[in-house]
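Below is one structure, written out as structure tokens, with a few remarks after it.
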Amino acid sequence: MVSSLLVEALSSPTDVLNDLYEYQDKTALGDFPQTVTKHFSDIFRTDEAFSEIPALTTARSLSSYRDRALVRFRAMVQDTSPAPEMYLSKLKSGKCGGWGLFDTLKGDGKEEELDYADLRDCTVAWAVSVPGESEWYAKSLDGECDGTDGPVQEPPRSHKFPIPKEPHIGVQIKIYNVLGNDTPKTAEVLNFVGILTSEPLHTESDVSIDVPTLHVLFTRQHTLGITSGVDTVRVVDEPVPNSEDRRQDLINWIAEEALGGDLDAAEWVLLTCIARVQSRTRSLHPPSLTLSHFPSASTSTSTPTPTLSHVLALLLPLSLSVHLSLDLLNRVPFVPESKDEDLHSGLLQLSPGTTIVINESGVQEGQLIERGVLNVLAVQNVMTSQTLSYKFPFSEFSFPTDVNFIVLSQGSKSALWKTDFTLPLDSPTSNEFYKTASEIRLPPAETLAAFRQLIVSAKTGKIEVGESTSQHIQDEFVQERKADSSVSSDDLKQAISVARLIGLSMQEKEVNIKVWERAKELEKRRKARFA
Amino acid sequence: MKSFRDFLRGFKPKYRVAHDRSLGIPTKASASPDVVERLLYEGYMRRMRTTGEANLNLDCENLRAFPPSRKLYVQLTKYPQEVIPAMDQVLKDIMLELAEEDQTEGMEGMQGREGEEEITEIMSKVYKVRPFGLPAVNMRNLNPGDTDKLICIKGLVIRATPVIPDMKVAFFRCLTCNHTVQVEIDRGKIDEPAACPREVCASVGTMSLVHNRCEFADRQVIRLQETPDAVPDGQTPHTVSLSVYDELVDVSKPGDRLVVTGIYRSVPVRVNPRQRTIKSLFKTFLDVVHVRLGQDSRLGLDGSTRPAGGDRVPGVGGGVGEEDLEDQEEGLVTRKAEMEKKLKELSERDDIYELLSRSLAPSVWAMDDVKKGVLLQLFGGTNKSIARGGGGGGPRYRGDINVLLVGDPGTSKSQVLQYVHKLAPRGVYTSGKGSSAVGLTAYVTRDPDSKQLVLESGALVLSDGGVCCIDEFDKMSDATRSVLHEVMEQQTVSIAKAGIITTLNARTSILAAANPVGSKYDVNMPITRNIDLPPTLISRFDLLYLVLDQVDEAIDRKLAQHLVGLYLEDAPETGGQDILPVDELSAYITYARSRVNPIITEEAGEELVLCYGKLRRVGEDPRSSEKRITATTRQLESMIRLSEAHARMRFSTHVELEDVQEAYRLMRDAIRTSALDPMTGKIDMGMLNTGTGQQQRKMREDMRKEVMNLLGTSGAGATRGIRWGDAMQQLGAQSSIRVDAGEFKEVINALEAEGLVKVVGERDRRMIRRADA
């Protein structure tokens, strides 16, 4: 029974929609969108069923999908500013309206009477592929793509995607449900399931262009984790017995492959990656890290992407590598800006949990124009307050972000930004730092999967500071202040946040004295490097 | 329509009062009975007649308040398209009726011929009723159910088109027989006659439009965007289109906040204008009937910085002038009355000063005096202008208080700034590091649409009438900082760029934070050496606070507890229980700034003089005759501003003794921390004003003498000169205190400028020679 429903829904969602409308109680047509959502989300409740739906990915060109095919799209909501759209919920023929179904009226002088009582509105938004999503992660969720690889054409309205010149998909989303407080928020990542069509863009301007449009049947929350979809990971819920060893293996591997064997640096990178915003009201933000004395790419190597970026792309679900240059700063918008009532995306419009690696090596002497200055400022703001101001005419709106920063700097500290931590690299042997992705020695698949699992669970884990530990920390702080007056409250704050992260990476439930001491040790070794 | 007629002829303010009471809205303790009993709208209509105004603003709340017209309110909101034209007609009828009545009664200006003329004029006019006063709904909540209903929304104008001529009546002429036909617009469309209506002719397709005989109305399309306070979390703002007609065109400009009443419309979209197919997609817009320029209490600007008479009076149709405005506000006033009462109650608390300063940045520890200073800055002194001077305006004295915080890193300076930025009316936050001169002042750019040069204002101009918070003040480039000189004293920004020469107003208080040189404050050095800022700029700050990080076990322990507490799962304590929430504090400040303008009493004046004298004498040393400047008139002015601000904070109309005393205390403490000469332990204002203290000046004098001595006496020195390093060394040997290299250089430079010595060579090889040798 269920399977036939499933097949039907997959093959001809439009027919299912029309059938549903037939059986809908005609007195309660206002509830029809809810009925649709319930019907479809029931069919695809299980992960297996869900993964049956073809996914919209960059691997397949949009034209290869049937018109009105059922697809799912894991997307970042880029823009929610389009006004709601009105549609006729009942067609002349008495059939279902909406979801891209409409009559084409012949307006030859005598206009057919429209029944305004049948008008409903739907929420319109613009969604794009999740920026910075790692290949392995996308594959684990979308499955291997039996790609009918057409030439990837330049998607329309590429200014709506944060990363310039990156292949991506952007679609117009139409949600027919009344959402109330559950309207999608900008930069949020959601799984949209719906019918794919091509429709004119919903704007006020007179020139209309056709854009891919997804008529949403239901949405599904997307949680960062390797639980849904195809299981590339077999160790999902198994309590990791040797988490301590595994953690060390992971650090070793990062150090070996990307950081010239510098273990401490690898540990700091790991800690930075697993941090997230803890509390906005108390401004407990993830720390940002600068790796200083990072060797610059020798001119002979064609690829300026540091190995670290490749390694992180292998480990993290979401990461982004930015090769900074003056030109980039002056030219590329970092902050989303509304121009002519269209919200253009900016490099920093990233979904929560993204780690961004900024390589300063490309910055030469030269002048920063105003946009450059504002871009630098915007990055600093996201680092320190984790909010990004989108520019609108006559006003700015601040949106929360949750982005981790790793800055690679050639000098003794970052030239442009003030990060929470700066760590000089220990062994700058330059050839190791700019390997291509294919040169990286991969660990066995299970180990790699375990690494990924470790990072994701650390990122989503919870940890508290124990009562006795907190007393210990307080005492220690007072003592230290007595001994050395230069110790400030910021030092304490940083030490506690490092301790938390170490605890999380060790899969602890509480920051205990052991963890605290480790954090102090790590911090001490970092400071020693400046001596 | 009888009910509307009754309403216009019978409405008295007392109905409104009763209505408001029944809804539990506090009303103004109203006025004498004859005010309550007068016939409100008859009065308005008489005024319309005399002023020749054709629009009547109608408060829908009044319709509801008047029992016979209660049903009309519902009808109006549901079927505005039918009801409003009917109302227009009724209005015209009553205008005529009223005019005739007045004529028979022989009212002034309505007798005989004059009256006849008035009546014919009324006959010729088109009267319009412009309803307003509906509860505003959120733009997001507009749904198809609201189509063709009367609604009211608030928002920010982001774009307005030029005036578009909108055809109302089309004029067609037959090409064969020259027969003419007029066709009126019907629901946004004009039907072109397919054939000539004259039976004799009846040729098909010969009717052509004659443009200059058509009738047009002014129309403008405005895009209205949601204001930040209305947007739910994580959402980008929505926009709607407004169509405004006739008198309402050009009332609002981009950047204005509006409260708009209009009819919500949805029309089918023609996908391709050339094809005649219509998809069942719809466009929505608002046909505006009433516009009011909104005032947002949180963004309220300092009224006294604006020219008298307000920015722009909504040319909406006054017709009803001030009283009407008052009436419009009445609804708000009654709703605000409660808040006002609460604020007044607050202001009467004895510890209001402490309460407010405690509520300012509650997450920041201690720093009480700093908070108090910043608090007074938020209230600000009164702006004074010599109104009776030439040309009405006259120069204006600054009432804004500028505060500079200097201190060790990690002492929550930035947090205080951030907080003020959130709180202050028109607060603008900028970091010195990231702000170019452009960002702080104004910038000439070419408008992409019109290709004309336009001025884009930066942070300072934007914060005109507010507070501009500048973090990392010391890291700002010199060029940028120099702009501030003008801003802080003259309160203007002058621009001379790309052919545009202008002076923009930047009447803003500045709250700046800076780090000392070498990031840690050296208590053994005077402040000017600690901050890398030109003394001329430092002296422009009314208050200068040093925020130092001192080691103290008790404080440290509390601090550690506070911080660790943040990471525990429990809610952290916020430094005291009894604090005002941000919006209340903000309302309090806005209210005080807009309503209270304290005047200095005689007693306070005397105290000011006294305190100034005291302040000037602080540095006096009975044992020596040398004069040390501890206070200048700038400090006196600051003190006046501070006392005014303090009085304002108490909602007091007069500056009294206690205000002056508190201002003096703040000034003295701030001076004590900042202008203390570490060598002598004395306060020396000269140090802040010119950068060199009395002591330093004396030292230089001595050094200069010695240098000349050296050059004069030593045999070799007299002829060949003396090495730079050697001179330093020899001086050091003579002196009991260390010879500062910088000081030495200053002295030599001065000597060189006077032409007494010559310096030759580079760096270490520099030789000092007597000029005449």
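A short reminder: the numbers here are calculations on the coordinates, not readings from a lab. All of these numbers come straight from a predicted model, not from anything done at the bench. Every residue, glycine among them, receives a Cβ derived from its backbone with ideal geometry; neighbour counts consider all protein chains shown.
Before moving on, here are some points about what is shown:
- Residue list for segment B:153-195, given a label point 7 angstrom along the Cα-to-Cβ vector of residue B:221 and an amide N cut-off under 13 Å: B:159-166
- Segment A:1-104 - Rg (one decimal) and Dmax (whole number), Cα, Å: 15.3, 45
- For segment A:373-531: rounded, prolate or oblate by the Cα gyration tensor [a/c cutoff 1.5]: rounded
- Computed from the C-beta positions of residue A:340 and residue B:164 and an R0 of 22 Å, the FRET efficiency is 0.75 to the nearest 0.05.
- Residue by residue along A:77-90, Cβ atoms of other protein chains within 10 Å of the local Cβ number 5 on average.
- Gain in span if fully extended, residue A:445 to residue A:46, counting 0.36 nm per residue against the direct Cα distance: 141.0 nm
- Remark: the residue B:199-residue B:653 segment gains 155.3 nm on full extension, using 0.36 nm per residue and subtracting the alpha carbon distance.
- Shown is the FRET efficiency for residue A:139 and residue A:384, computed with R0 = 35 Å from the Cβ-Cβ distance and rounded to the nearest 0.05: 0.50.
- With R₀ set to 60 Å, the beta-carbon distance separating residue A:252 from residue B:138 gives a calculated FRET efficiency near 0.60.
- Separation in nanometres of the label points that stand 7 Å from Cα toward Cβ, at residue A:437 and residue A:468: 4.9
- Summary of packing: across the peptides B:217-223, A:437-443, the per-residue average of other C-beta atoms within 10 Å ranks them, highest first, as B:217-223, A:437-443.
- Figure legend: label point modelled 7 angstrom from the Cα of residue A:531 along Cα→Cβ; residues of segment A:471-497 with amide N under 16 Å from it are A:484.
- The largest-to-smallest principal axis extents of the Cα set in segment A:243-460 are 54, 40, 28 Å.
- Unsatisfied cross-links (Cα-Cα over 32 Å) in the set B:12/B:253; B:12/B:78; B:71/B:344; A:391/B:344; A:462/A:520; A:462/B:475: B:12/B:253; B:71/B:344; A:391/B:344; A:462/B:475
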